[in-house]
Amino acid sequence: MMRKAAALVLVLCGATLVSACGSSGGLLNRGRPDEMAVTRAAPLVVPPDFALTPPSPGAPRPQDSDAGKQTLETLFGGPSARSSIETDAINRSGTAAASIRSTVGDPGTQTVAKGQVLRDILAAPEGDGQAASASIPG
């Protein structure tokens, strides 16, 4: 008799657990909210005034202008006035030769090797200069 009661309780517990998985109702039927009905969608409203003016006939299209120039004007507000020192430096520098890139990349161009010598200078201990010496690589 005890075995039958234990089996009956086990079957009832199993049936209750399995009924929770179904959507047909029963003991564990909960009213779940509909995710689409939780909030109302606001109606679409067109603002009354865009403050847009129609384009002038013959005027250049905004899409055809230089994007880089527009970006610089937007970020920095257009060209700023240069100081007298900056203007003087630009005037003294002159214009670059048209072939400057090919001249710099030419293997015959004399350049200063800044490799190991510069590392030695930067790694040298600080001193008063009494024991300083110089050597010219040959």
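The residues of the range 61-77 that are surrounded by fewer than 10 Cβ atoms within 10 Å (Cβ to Cβ) and either touching a strand residue (DSSP E or B) at 6+ places or on another chain (Cβ under 8 Å) or modelled with pLDDT of 75 or more (or both), listed by number, are Arg61, Asp66, Ala67, Gly68, Thr74, Leu75, Phe76.
Take the conditions of a type in the set (A, V, I, L, M) and at pLDDT below 65 and apply them to Leu27. Does it pass? Taking the combined requirement at face value, the residue satisfies it. Return a yes/no flag: does the range 33-44 have any residue that is surrounded by 10 or more Cβ atoms within 10 Å (Cβ to Cβ) and at pLDDT 70 or above. No, there is no match, as no residue in the range 33-44 is surrounded by 10 or more Cβ atoms within 10 Å (Cβ to Cβ) and at pLDDT 70 or above.
So which residues in the range 92-121 are exposed (fewer than 10 other Cβ atoms within 10 Å of the Cβ) and within 18 Å of Pro137 (Cα to Cα)? If the condition is that a residue be exposed (fewer than 10 other Cβ atoms within 10 Å of the Cβ) and within 18 Å of Pro137 (Cα to Cα), then Gln110, Thr111, Val112, Ala113, Lys114, Gly115, Gln116, Asp120, Ile121 are the ones that fit.
The values are calculated or read from the model by the stated rules, or taken from the named source; none is laboratory data. The structure displayed is predicted, hence computed values, not measured ones. Because the Cβ atoms are built from the backbone with ideal geometry, glycine has one as well, and the counts that use them run over all protein chains shown.
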